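**Student:** Pasting in a structure now, in structure tokens, and then I'll have a few things to ask.
Each value in this text was obtained by applying a stated rule to the coordinates, not by laboratory testing. In this text the structure is predicted, and so the values were computed from the model without any measurement. Cβ sites come from the backbone with ideal geometry, for glycine too, and all protein chains shown count toward neighbours.
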Amino acid sequence: MPKFIINNPGSWDGNGLSEELETISASLNHLFMFDFQEFSPNLYVFSSRDCDHDLLCEMVLELRESLIYRDEDDEEEMYLAPVITCYFPSISVQKFNEKIGFDAYLQGIVMFQFQLKILQQLFLFCEERGAVNLILMINDTDLVYLDIYSRFIVSDKKITTAKGEQTEIVIPIDGDTHDEIADFMDEVEKEFRKTLWHEQTVNSAFREYLKGHVLSAF
């Protein structure tokens with residue numbers, strides 16, 4: 001069944017790490033919907049939707065073993081470990097402009113938050129399955145998303161795949177990355193709220209947005 005994230009931190013029954021990330025994700029009272037379905041052994045379909053803004057995303061995830069480098073006692077060694085890989089798709093924005101208007105800041109920040117929520121759920125999915133890395137394959141046309149994920153990346157490189165040349169980025173699944181995701185999502189949300197409240201008197205797009213979204217003033 002699809003999972004619904006609303007502004008209700010007590011609705012999650014996972015571990016401590018999941019609880020923290022789930023609480024952060026309930027930002028701005030937006031209804032975020034996501035679902036993981038097993039397609040075949042080690043293949044999953046991840047679907048997500050921002051119902052407030054009609055943003056849709058779907059991707060196939062593969063759980064596999066990969067050689068990982070590990071530094072130990074000043075020596076580098078390799079070992080097999082589970083990783084999650086996926087091709088990052090373009091996000092459907094067919095009705096997005098109708099919902100959000102044509103203000104560049106609103107378009108950018110709402111998309112930014114949607115991307116972070118996607119990363120958050122992918123992170124938790126990796127954690128639940130014991131994967132040590134999340135590996136994303138990104139087309140050149142979607143490289144703008146690297147700006148969103150850049151602070152979490154440990155490596156990126158160009159590779160040739162069946163779909164042509166792609167950029168492969170690696171995000172580690174560990175406590176440090178969790179803390180960075182949680183802190184960054186909180187920072188983005190607070191800045192968004194402040195901007196809307198402080199500039200609504202001179203920006204009509206912000207005023208219209210606030211009419212349909214109940215936000216706490218700072």
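**Student:** From the phi angles alone, apply the Karplus equation (6.51, -1.76, 1.60; θ = phi - 60°) to the range 33-45 and give each ³J(HN,Hα) in whole Hz, x where the residue is Gly or Pro.
**Tutor:** Rounded to whole hertz, the list is 10, 8, 7, 10, 10, 6, 8, 6, x, 6, 10, 9, 10.
**Student:** Roughly what would the spin-label model give for SER150 and PHE184, points 7 Å off Cα along C-beta, in nm?
**Tutor:** 1.1
**Student:** Can you work out D for the range 65-211 in µm² s⁻¹ from Stokes-Einstein, where Rh is the Kirkwood radius over C-alpha pairs, the temperature is 10 °C and the viscosity is 1.306 mPa s? It would help to have the intermediate numbers written out before the result.
**Tutor:** Numbers: Rh = 17.5 Å.
For these conditions, the coefficient is 91 µm²/s.
**Student:** Relative contact order (percent) for the range 65-211, with alpha-carbon contacts under 8 angstrom and 6 or more residues of separation? Don't skip to the answer; put the middle values down first.
**Tutor:** Values: 157 pairs, mean separation 30.3, N = 147.
In percent, rounded to a whole number, it is 21.
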